[in-house]
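First comes the structure, then the notes that go with it.
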Amino acid sequence: MNDAANEKILLQVINIVGAQNALTKHEALIFSLQLLGWAKMSLSGELKDSITIQQRSFADLGWVMNVWDEIAERSDTLKAAYSSSKMPALLSPTQMSAAIDLCMHLAETGVFSKFDPTDCLPLVIGREASEYSLPAELADVMTALARIKPQTSVYTPWAASIQLAVRAAKQGAEAYLETMRERQLPALISMFVNGVITIAHGDPIREPSAVESGTLRKFDTCLSFPPIGTRYESDVFKRDWYGRFKERTNSGTALAIWHIIAQTRGRAVV
């Protein structure tokens, strides 16, 4: 399925839940992906009957929020994707009914076997997506340069790397995404990808999360687009227990490169 088809599916749901402007563009995107993920899990038999989308209760929006809580208990990724969401309470029963009917229809047509929202965020929410997305062509080139092999580990630090993590997972690698931002959007996107993606929250420079027995985990490959123009105070050198930084600098770009080198045993594309 191409990006235009993915965009069309996602926009259809967003246009329903965002019709009365109760949600921001970002909130409408999040809730739409939650609904689509709920429908996908319901029809694939992953959920118990009592919380499937077929058991919906249009009159009680609070029921949907309880369903979200139950889904969140199933795994760490689903906890990030569904926990603490109050958005259903902002929608009218009519909106909820229409959105659920659409998601059920999409699921029943088998569209989720090919649906992938990874690259369509800029098309859907515009400039707000710039913090989360890379141009698809750039992500493709970076992934090709990485020469990823199946059953290897790929490190994708920083939030924009969700596209890189998805591409690595589709090539049979185990992707480790480390983000300083909330994990909700990457977790929701990962639900539609057949592959292994671990999503961790942390500042790769100050508090790297991929640590095993007191040492940094070494990945086979790294794909990353670090933040541009970030500056750090000198305390990062005092707090670095891993000997990563070979020179004193407050340049976030330089520190990111040193960090990536420390966590990568093979090729890194940055």
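The values are calculated or read from the model by the stated rules, or taken from the named source; none is laboratory data. None of the values given here were measured: they were computed from a predicted structure. Cβ placement follows ideal geometry from the backbone for every residue including glycine, while neighbour counts extend to all protein chains displayed. Accessible surface is based on the protein model in full, side chains and every heavy atom, while ligands, DNA and RNA are left aside. Shrake-Rupley method; radii C 1.70, N 1.55, O 1.52, S 1.80 Å.
Where the eigenvalues come from the Cα gyration tensor of region 192-270, what are the semi-axes √(5λ) of the equivalent ellipsoid, largest first, in whole Å?
Those come to 22, 15, 12 Å.
If Lys and Arg each add +1 and Asp and Glu each add -1, what is the summed charge of the other residues whose beta carbon sits under 11 Å from the beta carbon of residue 262?
For residues surrounding residue 262, the net value is +4.
Through the Karplus equation 6.51 cos²θ - 1.76 cosθ + 1.60, θ set to phi - 60°, convert the phi angles of region 202-219 into ³J(HN,Hα) values in whole Hz; use x for Gly and Pro.
Values, residue by residue: x, 8, x, 7, 7, 9, x, 8, 7, 10, 10, 6, x, 10, 5, 6, 9, 9 Hz.
For the chain, what does -39500 (n - 2.57) per DSSP helix run (n ≥ 4), summed and divided by total residues, give at 222 nm, in deg cm²/dmol to the nearest 500?
Value at 222 nm, helices only, nearest 500: -13000 deg cm²/dmol.
Bins of 10 Å, beginning at zero and ending with the bin holding the largest distance: percent of Cα pairs per bin for the chain, please.
The calculated distribution, bin by bin, is 7, 29, 32, 21, 10, 2, 0.
Filter the trypsin sites (Lys or Arg not before Pro) in region 155-260 down to the DSSP loop ones having no more than 15 other Cβ atoms within 10 Å, then list what survives.
Qualifying residues, ordered by number: 181, 206, 217, 218, 239, 246, 248.
Between the helical axis of 93-108 and the dominant principal axis of the chain, each derived from Cα atoms, what acute angle in degrees is found, rounded to the nearest 10?
Here the helix axis deviates by roughly 70 degrees.
Output the 0 to 90 degree angle, nearest 10, between the alpha-carbon long axis of helix 136-146 and the longest principal axis computed from the alpha carbons of the chain.
So the inclination is approximately 50 degrees.
Identify all lysines with a Cα-Cα distance to residue 170 below 26 Å; exclude those on the same chain that are fewer than 8 residues away in sequence.
8, 40, 79, 114, 149, 218
What does the charge count near residue 6 come to, summing +1 for each Lys or Arg and -1 for each Asp or Glu among other residues with Cβ under 10 Å from its Cβ?
-2
Mind checking the log10 I(q)/I(0) for region 103-214 at q = 0.13 Å⁻¹? Debye, one equal scatterer per Cα, no solvent, two decimals.
-0.51
Counting other Cβ atoms within 10 Å, keep those with at most 13, restrict to DSSP loop, and tell me which trypsin sites (Lys or Arg not before Pro) in region 14-48 are left.
Those that pass, being in a loop and sparsely packed, are 48.
DSSP loop (so not H, G, I, E, B), at most 16 other Cβ within 10 Å: list which GluC sites (Glu not before Pro) in region 173-246 pass both filters.
182, 233
To the nearest 10 degrees, how steep is helix 61-72 against the longest Cα principal axis of the chain, on a 0 to 90 scale?
For helix 61-72, the angle is close to 40 degrees.
Measuring with a 1.4 Å probe in the full set of protein chains, what accessible area per residue, in whole Å², belongs to the chain?
It amounts to 47 Å² per residue over the chain.
Tell me, what ³J(HN,Hα) does each residue in region 223-239 have, in order and in whole Hz, if you take phi through Karplus 6.51 cos²θ - 1.76 cosθ + 1.60 with θ = phi - 60° and put x for Gly and Pro?
3J(HN,Hα) across region 223-239, in whole Hz: 10, 7, 10, x, x, 9, x, 6, 10, 10, 6, 5, 5, 5, 6, 5, 8.
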